Amino acid sequence: MGDTRETRLLIIGSGPAGYTAGVYAARAMLNPVLVQGIEPGGQLTTTTEVENWPGDTEVQGPDLMVRMEAHASAMGCEIIADYITRLDLTERPFKAFGDGGTTYLADAVILATGARAKWLGLPSEDKFKGFGVSACATCDGFFYRGQEIVVIGGGNTAVEEALFLTNFASKVTLIHRRDTLRAEKILQDRLAKNPKIETLWFHELDEVLGQDAPPQVEGVRVRDVRTGETKDIPCKGVFVAIGHAPANELVKDVLETHMGGYVVTKPDSTETSIPGVFAAGDLTDHKYRQAVTSAGMGCMAALEAERFLAAEEGQTGLAAQ
C-alpha cells in the first residue's frame, strides 16, 4: 500500500502555468502540493534560447524552468517528483493516483499538464530537436534571420508558421504530402501571394540532415509520395507544424473539451465544468501557447482556487482583498 497525502490544493503539472500557480497559491497560504509529471518543466525544457520572456533579454529554457521551480519552492509550494496516472473527480476530496503509489486527496485541483507538439517520429527529427528542429515558429523563428528554412505540414498551423517565418527567413519551403492544403482559404491566399514562400507538393520529410559537433541542421531529405524518389533541400531550420495535442489523458472523458481536446474553461476564468477543478496553460489554450500566457493563467487559477476554498470555509480570502 502506498502513502496517502492530503492537501487543500493539488497542482498537476510543472510548466509556467503550474509553477506560477504554485507561487500564488503558496503566498495565499494554501500549502499547495505540486506534482511535476513525466516531463518536469514542460515544453520549455526542450527549448534553447528564449528571448520573449519579460525581464530576460535571453534565457535558456531549462534554466528558466529551474528558476521557476526554485521560486515556487521558496514561497512554500511542496514540489513532488511524481506522475499522476489517474484522477478521480467524481467526488470531493478529489483523488489523484501517483505512479509511485501515493494517493493525493485534494479539496481543489489545478490542471496544468500542458500540450505536446505533434512530431513525425523520425530519429533524425529527434536528434536535432533544439538544434535546428522546432515546433514553434514564434519561439525560434528569430534565430533564422536571412536563412533558408522548411516547414512541414498543410493545415492552419503550418501555413501560419510559414507566413510568420517570412519575417526572418530569406526563403521558406512548405512541404506537404498532398496537393491541396487543409488551411483556411484566407491563409492559403496569403501564402500564395507571399514571394518568400515556395510550396513543395506531394512530398514528405524523410530525414533531417546535419552535422554532429556541434549539432546543426544543414538540410532535409524529402520523398515524393507518388514515385518514392528522394531529393535533398539545403536549409538551416526545420519547423514541424502538424499541430498540437493537449495532454488531457487524465480528464478527456470527464471534463468538457473542444478544439481537438483542449479543456473548456468559463469565459475570463480558469474554472472547468467541475466546481473546484481549474485548468491553466496549454491544456486549455489552442490559440496562443506562449509561456507568458500560461504563467498568467496559472496566476488566475491559483487566485480562483483560493476564492473557491475560502468561500467554502466562509472566509474572505486573500484573493478577494
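The values are calculated or read from the model by the stated rules, or taken from the named source; none is laboratory data. As the structure is a prediction and not an experimental result, all values here were calculated from the model. Cβ coordinates were reconstructed from backbone atoms using ideal geometry, including for glycine residues, and neighbour counts include every protein chain displayed.
Being of a type in the set (A, V, I, L, M, F, W, C) and part of a strand (DSSP E or B) is the filter; apply it to region 210-222 and report the residue that is nearest to D126 (Cα to Cα). Lay out the reasoning, then the answer.
Of the residues in region 210-222, the ones of a type in the set (A, V, I, L, M, F, W, C) are 213, 217, 220, 222.
Next cut, part of a strand (DSSP E or B) only: 217, 220, 222.
Numbers: V217: 12, V220: 14, V222: 16 Å.
Going through the qualifying residues, I end up with V217.
Could you please give the count of residues in region 211-222 that are out of contact with any Gly (no Cβ under 6 Å at 6 or more places or on another chain) and closer than 18 Å to V172 by Cα? So the count comes out to 4. If the condition is being in contact with a strand residue (DSSP E or B) (Cβ under 8 Å, 6 or more places away or on another chain) and over 18 Å from I242 (Cα atoms), then region 121-174 contributes K127, F131, F143, Y144, Q147, E148, T166, A169, S170, K171.
The strands (runs of 3 or more DSSP E) falling completely within region 226-312 include none with 3 or more residues that are β-branched (V, I, T), in the same structural domain as A25 (by TED's automatic domain parsing) and under 12 Å from the mean Cα position of the chain (by Cα). Annotation note: Cβ proximity below 6 Å between a residue of region 66-92 that is in the same structural domain as F278 (by TED's automatic domain parsing) and a residue that is surrounded by fewer than 20 Cβ atoms within 10 Å (Cβ to Cβ) and part of a helix (DSSP H, G or I) (sequence gap 6+ or interchain) occurs for M75/R27; I79/S73.
Would you check if there is a residue in region 36-51 being at pLDDT 95 or above and within 28 Å of F308 (Cβ to Cβ)?
yes
Against the test of being over 27 Å from L44 (Cα atoms), outside the structural domain of K287 (by TED's automatic domain parsing) and hydroxyl-bearing (S, T, Y), the options T173, T180, T138 yield a single qualifying residue, T180.
One line per residue, one yes/no per condition, for (1) touching a His at 6+ places or on another chain (Cβ under 8 Å); (2) at pLDDT 95 or above; (3) within 30 Å of P123 (Cβ to Cβ):
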{"site": "C235", "(1), (2), (3)": "no, yes, yes"}
{"site": "A291", "(1), (2), (3)": "no, no, yes"}
{"site": "E304", "(1), (2), (3)": "no, yes, no"}
{"site": "E313", "(1), (2), (3)": "no, no, no"}
